[in-house]
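What follows is one structure encoded as structure tokens, with my remarks underneath.
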Amino acid sequence: MKQIKAIIFDMDGLLLDTEPIYTLVTQQILDSYGLKFEWELKSRMMGQDVTIALQMLIDHYGLDLTPKSFDEAQRPLFEKAFLESKPMPFAMELTEKLKSLNIPMAVATSSSLKYFQIKTSNHGLWFECFKSIVTGDEVKACKPAPDLFLEAAKRLNTAPEDCLVFEDAITGVAAAKAAGMSVIAVPDEKMDLNKYQEANLILENLGQFNLGDWGL
């Protein structure tokens, strides 16, 4: 493996265990239509820009709604639920280890700045270890476009080829590769691992990461 100079983390489902919250809130909205939020659909929505993801959902179920109206229905539920966001296993331990080694780190998330602030409101000290935070509303295009990761690398003053990305979503892996970066996938246990063939490495959790393999 090549030596890495900086690390970029996705957030949802990678640093913070927010994916169950997305499922719960989306299901609450779909309950009023007598519909079940299917895992196969959710797996395709993960990591997408919110407008694109909601359009996928609306098209899938044939709902007479717009992404904007669906988002407005979800918003108050998310704003309450995201306050309970908890760290993913080994996430704090890994980032604290990297900080102790003075490895520059950034977060690159498709989440909006507002939702990022809510999700991390109880984790302020932890997120101070990241040199930069890039949110979805700060770039022209979200994942699978490379914009988020390229902006994070720019803020870290590190060449893309010297960055290592951690991602749980297929779109995130594609975005990292499009940015010319190495990427480690840490998928949800229900995901089809065959869809992560682009990743340099696939791990079950962040605790399996071996820093020495990457020159860290």
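The values are calculated or read from the model by the stated rules, or taken from the named source; none is laboratory data. As the structure is a computational prediction, the values presented were derived from the model and not from experiment. A quick note on method: Cβ atoms are made from the backbone with ideal geometry, for glycine too, and the neighbour counts reach across all protein chains shown. In case anyone asks, the SASA skips ligands and DNA or RNA and just uses the protein heavy atoms, side chains included. Shrake-Rupley method; radii C 1.70, N 1.55, O 1.52, S 1.80 Å.
Find the accessible area per residue for the chain; the probe is 1.4 Å, ligands and nucleic acids are left out, and the unit is Å².
48
Once phi is turned into ³J(HN,Hα) by the Karplus curve 6.51 cos²θ - 1.76 cosθ + 1.60 with θ = phi - 60°, what whole-Hz value does each residue of region 106-120 show in order, with x for glycine and proline?
My calculation for region 106-120 gives 9, 10, 10, 10, 6, 4, 6, 4, 4, 5, 4, 5, 5, 4, 9 Hz in order.
Can you give the charge dipole size of region 1-135 about its Cα centre, rounded to the nearest 20 debye, using +1 on the beta carbon of Lys and Arg and -1 on the beta carbon of Asp and Glu?
Numbers: 14 positive and 17 negative charges, 115 e Å.
With Lys and Arg at +1 and Asp and Glu at -1, about 560 debye.
Going by average Cβ neighbours within 10 Å, how do the peptides 77-86, 4-13 rank, with the highest at the top? Write out the running numbers ahead of the final one.
Working: 77-86: 15.9, 4-13: 24.4.
The most tightly packed comes first, giving 4-13, 77-86.
Would you grab the residues whose amide H sits under 5 Å from the one on Val134? Only those 5+ places off in sequence or on another chain, please, with H modelled 1.01 Å from N.
Val107, Ala108, Thr109
Direction-averaged shadow area of the convex hull around the Cα atoms of region 79-210, nm²?
7.9
With unit charges on the beta carbon (Lys/Arg positive, Asp/Glu negative), name the residue among Ala169, Phe130, Ala141 whose Cα is farthest towards the positive pole of the charge dipole of the chain.
Value computed over the given set: Phe130.
For a quick check: with amide H placed at 1.01 Å from N, whose amide H comes under 5 Å from Leu201's, ignoring anything fewer than 5 positions away on the same chain?
Val183, Ala185
How big is the dipole moment of region 101-158 about its Cα centre under a simple scheme where the beta carbon of each Lys and Arg is +1, that of each Asp and Glu is -1, and everything else is neutral? Debye, nearest 20, please.
40
Can you tell me the orientation of helix 91-100 relative to the chain, as the angle in degrees between its alpha-carbon axis and the longest Cα principal axis, to the nearest 10?
For 91-100 against the chain, the angle is about 30 degrees.
Taking only DSSP H segments of four or more residues, each worth -39500 (n - 2.57), what value at 222 nm results for the chain once the sum is divided by all its residues, to the nearest 500 deg cm²/dmol?
-11500 deg cm²/dmol
Using each residue's phi in region 73-85, evaluate 6.51 cos²θ - 1.76 cosθ + 1.60 at θ = phi - 60° and report the 3J(HN,Hα) Karplus result to the nearest Hz, with x for Gly and Pro.
Here the 3J(HN,Hα) series is 5, 6, 3, x, 5, 5, 4, 7, 5, 5, 5, 9, 4 Hz.
Loop-only GluC sites (Glu not before Pro) in region 147-216, please: DSSP not H, G, I, E or B, and at most 13 other Cβ atoms within 10 Å.
Within region 147-216, the qualifying GluC sites (Glu not before Pro) (loop, at most 13 other Cβ atoms within 10 Å) are Glu189, Glu198, Glu204.
Tally up the carbon and sulfur contribution to the accessible surface of the chain as a whole percent, 1.4 Å probe, everything protein left in place.
52
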